[in-house]
1. So, of the residues in region 376-397 that are in contact with a Phe, Trp or Tyr (Cβ under 6 Å, 6 or more places away or on another chain) and aliphatic (A, V, I, L, M), which turns out to be nearest to the ligand (Cβ to nearest atom)?
2. Which of the residues belonging to region 8-29 are over 12 Å from E79 (Cα atoms) and touching a residue at least 40 places away in the same chain (Cβ under 8 Å)?
3. Could you give every pair whose Cβ atoms fall below 8 Å, whose first residue belongs to region 452-467 and is assigned to a loop (DSSP other than H, G, I, E, B), and whose second residue is of a type in the set (S, T, Y), counting only separations of at least 6 or pairs across chains?
4. When you look at A109, is it out of contact with any Gly (no Cβ under 8 Å at 6 or more places or on another chain) and surrounded by 13 or more Cβ atoms within 10 Å (Cβ to Cβ), yes or no?
5. Starting from residues that are in a strand (DSSP E or B) and under 27 Å from the mean Cα position of the chain (by Cα), keep the ones in region 345-368 and report whichever is farthest from S278 (Cα to Cα).
6. From the list K171, K188, K179, exactly one residue is away from the ligand (no atom under 16 Å from the Cβ) and surrounded by fewer than 19 Cβ atoms within 10 Å (Cβ to Cβ). Which is it?
7. Among the residues that make up region 178-188, is at least one of them at pLDDT 95 or above, among the hydroxyl-bearing types (S, T, Y) and more than 18 Å from P366 (Cβ to Cβ)?
8. With the requirement that a residue be without any contact (Cβ under 8 Å) to a residue 60 or more places away in the chain, in contact with a Gly (Cβ under 9 Å, 6 or more places away or on another chain) and aromatic (F, W, Y), what does region 363-386 give you?
Amino acid sequence: GRSWTKIGDLDDSAAGRTVLIRGATQAIRPVSKKMAFVVLRQSMSTVQCVLVASADAGVSTQMVRFATALSKESIVDVEGVVSLPKEPLKATTQQVEIQVRKIYCINRAIPTLPINLEDAARSEAEFEKAEQAGEKLVRVGQDTRLNYRTIDLRTPANQAIFRIQCQVENKFREFLLSKDFVGIHTPKLISGSSEGGAAVFKLLYNGQPACLAQSPQLYKQMAICGGYERVFEVGPVFRAENSNTHRHLCEFVGLDAEMEIKEHYFEVCDIIDGLFVSIFKHLTENCKKELETINRQYPCEPLQYLEKTLKLTYEEGIQMLKEAGTEIEPMGDLNTESEKKLGRLVKEKYGTDFFILYRYPLGVRPFYTMPCYDNPAYTNSFDVFIRGEEIISGAQRIHTPELLAKRATECGIDASTISAYIESFSYGAPPHGGFGVGLERVVMLFCALNNIRKTSMFPRDPQRLVP
Ligand code: 4AD
């Protein structure tokens, strides 16, 4: 095949060379019958192509007319010579131009798209500035973006967001593999709810009532019972959420891990500490371009974290909130608002956006959570926060069948529906614990985005099943 150049690779060093590129027509600017500019875009990069009618170059006025008649977002191949512009180019990422020799349209887009990409890529500050100057610019709403997601995904910020997501997922695997975890896959069609509660999608499995897995929880523990000391899974998680919030999806990507505990469940916290510090470092050091691109549309403060992750007890957290004037039920759960406030208080006091809160009250944790040995009103459990919002929950699990069955019943779960799971602990099961991370939440909060729909490529929420 012919040799293709990536638009993002075009720089001074290519000057004088003939290259072949493919891109989408982002902007088309006719200058005269004999001259036109076409900006081509390929993922996060853009380059200006110049058409000048001249017999020497083999460019006719018809070709110039053909180029100016192209619709925006059409897919185009260009063969041309790389040249250096006289002045710096403001509208493109690449600082070279292509003197077009040949141009082919591979597939035309319709003349008027339902979203204007220029508007979709603007920051809030740009809209405000334009408004003050009396200009009328149209904001592209979240629903419109999601209805036409294939167009919306082309904005520079969106191109960066899912590259960041991929890096987080990849680092998660890489780090856990380096700590001797084994990647597994557990079934998503299961017979009963895995987290309790009403938030399950029910279905019929060959006529038998079944549901979509709310987490790999029971099966990742059974893998530990099956002799795997350390396991992880990256897979879909289904929650029949009926609330519309900025941070709940009906389907999200779960990053789960489960491991034997030798002496203390803080061994699980240590894995989280090493894992997330390595993810944060990787993103800040190796994804600068992506983060800058996201920041241009959605400005944010860089995440602050400590080399050794801060751990606070739930009681300390409650105490901090009380001292700051928040009324709080000491054995109840923290609501979204209190969590956010605690995030701010912790940042003021300890200088970190990332911390672990541990030793939660028994009443607010799932049935499989191990009660504290010294005080069974509390549990060997924890949540992890970024910028005051939960990204992880985890715990030591109950590994004796009697206590497990008792706790299931106390939590209103019919133990007979999970008997195979409970029995697994009768055949010899080591102490163990683990955690579950929401991938979309990590990206949303690392980048300080205001809505989880921005970090899910095709989000599923209570209102949305298409596209
Ligand atoms: O807190 P959750 O429900 O915990 C579990 O599923 C446990 N089995 C984990 C464990 O190993 N103990 O979910 C874990 C994480 C949350 O911290 C959150 O980041 C994310 O999954 N999450 C959601 N993300 C998007 N939409 C939703 N509806 C979510 N529900 C939970």
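1. Selected residue: I392.
2. G8, L10, D11, D12, A14, A15, G16, A24, T25, Q26, A27, I28
3. Every condition considered, the pairs that remain are P462/S243; P467/T150.
4. Details: out of contact with any Gly (no Cβ under 8 Å at 6 or more places or on another chain): yes; surrounded by 13 or more Cβ atoms within 10 Å (Cβ to Cβ): yes.
Taking the combined requirement at face value, the residue satisfies it.
5. Within region 345-368, the first condition is being in a strand (DSSP E or B), and the residues that meet it are 354-358, 361.
Those left that are additionally under 27 Å from the mean Cα position of the chain (by Cα): 354-358.
Values: F354: 13, F355: 15, I356: 16, L357: 20, Y358: 21 Å.
Ranking the qualifying residues of region 345-368, first place goes to Y358.
6. Values: K171 fails: surrounded by fewer than 19 Cβ atoms within 10 Å (Cβ to Cβ); K188 fails: away from the ligand (no atom under 16 Å from the Cβ).
It is K179.
7. Pass one, region 178-188, residues at pLDDT 95 or above: 178-188.
Then keep just the ones that are among the hydroxyl-bearing types (S, T, Y); that gives 178, 186.
With more than 18 Å from P366 (Cβ to Cβ) added as a condition, the list becomes 178.
Yes, the conditions are met somewhere in region 178-188.
8. Answer for region 363-386, where residues must be without any contact (Cβ under 8 Å) to a residue 60 or more places away in the chain, in contact with a Gly (Cβ under 9 Å, 6 or more places away or on another chain) and aromatic (F, W, Y): just F385.
The values are calculated or read from the model by the stated rules, or taken from the named source; none is laboratory data. Please read all numbers here as calculations on a predicted model, not as lab measurements. Every residue, glycine as well, gets a Cβ built from its backbone with ideal geometry; the counts of neighbours run over all protein chains shown.
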